[in-house]
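Before any comments, here is the structure.
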């Protein structure tokens with residue numbers, strides 16, 4: 001073999017060695033692994049995950065949005081003593097991670113970017129064929145990482161242990177309840193922590209008092225007059241008929257059968273209304289329940305004046321009964337006050353949103369909702385809430401929502417997004433007016 | 001004897017038939033007498049007094065022993081134009097003086113829509129009752145007025161109000177663009193969601209162009225105009241708040257529609273304000289423009305004006 005050939009051979013061997021070493025390094029393998037596919041197993045950077053085809057944009061994003069924890073972080077989470085505020089933050093994070101955690105717990109391989117892409121409505125896709133964009137993917141992946149980290153934190157607290165037997169794995173709701181229980185058993189220490197704990201405790205007492213009013217409003221059904229029994233028998237018969245029709249596969253169901261289902265629904269609703277109205281409410285007991293409720297309600301309304309954003313959040317959502325629907329943060333026209341459920345709905349209850357509604361003078365619920373919910377979020381931000389792109393509110397517009405998505409919200413704080421990319425100038429002025437009303441109502445000395 | 005027997009049977013048979021038909025004829029005549037006493041003078045019929053007199057004569061004869069053929073004869077001898085031979089003729093007669101459109105299809109569409117609303121006053125009252133657990137005095141008052149209006153409407157358009165299917169409407173060919181679009185929507189089962197939205201937008205703009213208050217108001221409750229329409233609105237107002245855009249569009253369309261004639265819907269006991277009254281008891285008794293002033297903020301009103309200008313320009317561009 002000549003020198004020239006030997007040199008070439010050495011060069012080839014060296015090149016092969018370089019490639020081999022690069023492939024076996026942690027960073028190298030990470031770039032080949034899909035960063036968007038999440039497994040229920042702990043995903044180490046050099047794990048055995050199958051290589052997924054990733055397009056250039058996603059690959060570039062993956063390289064800059066590393067979210068998988070390595071062993072060192074997990075050990076740190078176990079060893080570090082979490083404060084009350086830490087666990088409270090986990091609890092607040094939990095609701096924002098609801099969709100993600102639910103899917104992760106139910107699906108072996110969950111791809112949050114693919115899930116987000118599937119939720120983009122066809123109309124928006126048609127106008128934005130390049131979606132999901134790199135900006136959106138980055139936001140989704142970072143959010144997924146934070147939710148995954150939350151799950152690991154719960155593992156560190158022994159609130160979640162992965163089992164191979166699916167029947168032993170907790171549901172999302174069970175995990176949520178465990179976290180809430182864990183928080184309630186912790187001792188708040190700092191003034192802020194004590195204020196939050198106090199608000200949560202009072203909110204729970206408020207809910208109990210509210211439920212007591214509804215209970216007292218149900219009416220007496222222990223002695224059923226014959227007329228009510230006859231109505232209930234009719235309802236039972238109609239419901240049975242409806243169940244039979246609903247059991248028919250929708251594709252096989254005739255128009256007549258579908259119409260009959262709707263007819264039954266209307267008829268049952270009317271009968272139930274009659275049954276409810278036939279019940280006698282003990283007004284003395286009801287008024288006593290309302291009086292007890294009013295004492296706690298007054299304390300809750302005082303806490304609306306808190307300058308702590310977390311206290312305000314907890315009290316606002318409790319009083320508006322909108323904990324499960326943060327789009328109605330500020331005002332919910334569909335609060336459960338017992339309509340169609342109890343003999344005397346709790347129409348006497350006036351929520352904070354309704355107080356502001358009366359101050360402003362708008363009577364139409366839908367029109368009022370167009371300003372109050374934005375204004376309350378802005379006010380919450382003014383108190384110091386995390387209103388950055390990954391904070392409390394912006395992700396709802398960026399990728400968490402269930403309607404149209406707004407790419408601008410993925411990189412902006414909420415207030416900037418509202419003013420620059422979401423509201424018309426006229427709408428912004430109206431919302432600012434309502435924010436001012438909130439300031440005067442809640443923050444004025 | 002045999003032929004006589006048969007002749008007797010025939011006569012008896014004819015007698016029975018005449019007896020049955022006689023009752024029906026008098027019933028319809030009595031009804032017509034009642035209706036004509038109540039109908040609006042706008043109704044394009046013969047002089048009411050003449051008809052009433054004829055009805056009285058017929059009623060008087062009913063109480064006497066009669067020769068059936070003599071009693072039937074006066075009705076048979078009436079001019080055919082006053083005695084519709086078919087349901088279609090009756091409908092065309094009732095809508096001969098137009099309120100909403102020169103296009104019979106559109107006119108019938110609007111009137112049937114009102115009839116349908118009138119048939120659902122019970123449901124509206126139930127809705128009012130379920131909101132607070134009772135109807136407020138103002139709501140009861142409004143519904144009283146609505147029922148009077150509905151009674152008048154049904155009396156003016158008895159056949160239109162009693163149409164139970166679309167069969168007759170399907171026989172009428174629209175002669176306006178709005179009518180053609182409405183008919184197209186009747187058969188939209190095969191359209192995609194996006195196409196349905198586009199069609200809804202075209203109907204809205206056609207209603208604005210032809211100043212049809214009923215169809216404009218009906219369209220204002222449709223929030224599914226399609227993404228292109230949403231995009232257009234977003235550009236007009238420079239807003240990306242989908243719910244806000246839908247709300248402003250609804251307000252703008254209604255605002256315009258209440259300026260068209262007839263604008264009965266926008267009166268306190270009109271069908272539009274009745275729905276507002278059911279939703280918000282505090283709004284009972286208001287006409288639309290009062291309600292609008294009470295329920296909007298300055299910025300919204302400015303955006304409504306922008307949207308009105310935009311929709312009007314769009315309706316001209318089609």
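Where a number appears in this text, it was derived from the coordinates with a stated rule and is not lab data. Every value quoted in this text rests on a predicted model; they were computed, and no experiment measured them. Every residue, glycine as well, gets a Cβ built from its backbone with ideal geometry; the counts of neighbours run over all protein chains shown.
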Length gained when the stretch residue A:267-residue A:325 is fully extended (0.36 nm per residue, less Cα-Cα span): 17.9 nm
Would you kindly state how much longer the chain becomes between residue A:334 and residue A:248 on full extension, computed as 0.36 nm times their sequence separation minus their alpha carbon distance, in nm to one decimal? 27.7 nm
If you project the alpha carbons of region A:109-176 onto the principal axes, what extent comes out on each, in Å, largest first? 46, 22, 19
Rounded if a/c is under 1.5, else prolate if a/b beats b/c, else oblate: with a ≥ b ≥ c from the C-alpha gyration tensor eigenvalues square-rooted, which is region B:104-317? oblate
When N is the residue count of region B:96-141, what does its C-alpha Rg come to as a fraction of 2.2 N^0.38 Å? 1.64
Give, in nm to one decimal, the length gained when the segment between residue B:242 and residue B:261 is fully stretched (0.36 nm per residue of separation minus the Cα-Cα distance). 3.8 nm
Distance between modelled label sites at residue A:305 and residue A:260, nm, 7 Å Cα→Cβ extension: 6.2 nm
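What order do you get for B:214, A:301, A:346 when you list them from fewest to most C-beta neighbours inside 10 Å?
The order, fewest Cβ neighbours first, is A:301, A:346, B:214.
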Estimated FRET transfer efficiency (residue A:174, residue A:130; beta-carbon r; R0 51 Å; 0.05): 0.80
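Starting from the Cα gyration tensor of region A:85-201, take the square roots of the eigenvalues, sort them a ≥ b ≥ c, and report rounded, prolate or oblate (rounded when a/c is under 1.5, otherwise prolate if a/b is larger than b/c, else oblate).
oblate
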Mind giving me the nanometre distance, one decimal, between the label points for residue B:122 and residue A:433, set 7 Å out from Cα along Cα→Cβ? 4.4 nm
Once you compute Rg and the Kirkwood Rh from C-alpha atoms, what is the Rg to Rh ratio for region B:144-241? 1.06
Residue A:288 versus residue B:134: modelled label distance in nm, points set 7 Å from Cα along the beta carbon direction: 2.4 nm
Expressed as a fraction of 2.2 N^0.38 Å, the rule-of-thumb size for a compact globular protein of N residues, what is the C-alpha radius of gyration of region A:144-256? 1.80
Quick check: from the Cα gyration tensor, does region A:350-445 come out rounded (a/c under 1.5), prolate or oblate? prolate
Determine which residues of region B:289-313 fall in the zone a paramagnetic label at residue A:366 would reach in this model, i.e. backbone nitrogen under 11 Å from the point 7 Å along Cα→Cβ. none
